[in-house]
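Any read-out appearing in this document is the output of simple, stated calculations on the displayed coordinates, not a laboratory observation. The shown structure was predicted, so the numbers you read here are calculated from the model rather than taken from an experiment. Don't worry about glycine lacking a Cβ; one is built from the backbone with ideal geometry, like all the others, and counts go over all protein chains shown.
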Amino acid sequence: MMQHPLITDQRGEGLIGFLVSVVISAIVFAATTTAYLQGIVRAQDHRTMVQVREEAREIADLIASELRLLGSGMPLSQDDFSSSDLSLGDAPLPLLLDSSASYIHFRLNEFGRGAIIDAAFDPISTSTISVTDGSIFAVGDTVYVTNMTTGGTDGLQGEIVSISGNSITLNGTMLYPVGATFDVGSLVEPVSTIAFNSPETWSGITRETRAAAKSR
């Protein structure tokens, strides 16, 4: 039986209309999906930027706070223990002279702890110091001694090699001015070495510290 031409044309037009609607729907769906995905990417980028800014602010605050304390615990105010005196080796580091645009290296009394010498100390005759509280120190700590509290101008730097009660013994390579002595009332402080490093790989800013073991 032959189909009427009008019926055939209507079916053809219906198929074409269906295909057109499918194409339009596909285009609209693709555009909507693209906009949605772009929105997700923008949202993720925004969250990442906010997180990065927050982390950068926290790091900047930490660095600024510690730089304000730079050198604390070190007898830098004394005439014979200046941060610019290279003859003292690395005693005052010297402050920031080995730092660069991506690296900051300094020392400070990170936890604000210290002890008082309770028996006169002469580094020429002994390397053991009697202090009021030996519990705040640990073997391996770098300590600085100052007699500024007793009216002196001397400073000393050494590393603790042993502790017995309230007696701390320093290594034999102590740094101090010739003739320095430390009377009762002189101050002993553990000082941490701190470094902020920003590698060229853009892997982030790291903070490294060699702190007093008792304070970790």
Per the helix-only model, the chain has a calculated mean residue ellipticity at 222 nm (DSSP H runs of ≥4, -39500 (n - 2.57) each, divided over all residues, rounded to the nearest 500) of -11000 deg cm²/dmol
Just to confirm the number: angle between the C-alpha axis of helix 5-68 and the first principal axis of the chain, 0 to 90 degrees, nearest 10?
10
Could you check the spin-label model distance between Ala64 and Arg210? Points 7 Å from the Cα along Cα→Cβ, value in nm.
3.0
Extension gain Thr132-His46, at 0.36 nm per residue separation less the Cα-Cα distance, in nm?
25.5 nm
Placing +1 at every Lys and Arg Cβ and -1 at every Asp and Glu Cβ, with all other atoms neutral, what dipole size does the chain have around its Cα centre, in debye to the nearest 20?
1020
Please order His105, His46 by the number of other Cβ within 10 Å, starting at the fewest.
His46, His105
Roughly what percent of Cα-Cα pairs across segment 74-215 reach past 28 Å?
19
For segment 43-140: span of alpha carbons on each principal axis (Å, largest first):
68, 32, 22
In nm, to one decimal, how far is the modelled label at Asp85 from the one at Ser100, with both set 7 Å along Cα→Cβ?
3.0
Over segment 117-216, what is the mean sequence separation of C-alpha contacts under 8 Å (at least six apart), divided by residue count, expressed as relative contact order in percent?
31
If amide H atoms are modeled at 1.01 Å from N in the peptide plane, then the residues at a separation of 5 or more from Ala138, or on another chain, having amide H under 5 Å from its own are Ala213, Lys214
For a footprinting-style exposure proxy, rank Thr32, Thr128 by other Cβ within 10 Å, fewest first.
Thr32, Thr128
Could you go through segment 154-167 in sequence order and give the Karplus-derived ³J(HN,Hα) for each residue, using 6.51 cos²θ - 1.76 cosθ + 1.60 with θ = phi - 60°, rounded to whole Hz, and x for Gly and Pro?
9, x, 9, 10, x, 10, 6, 10, 7, 9, 9, x, 9, 10
Most exposed first by the Cβ proxy, i.e. fewest other Cβ within 10 Å, how do Asp85, Asp141 rank?
Asp85, Asp141
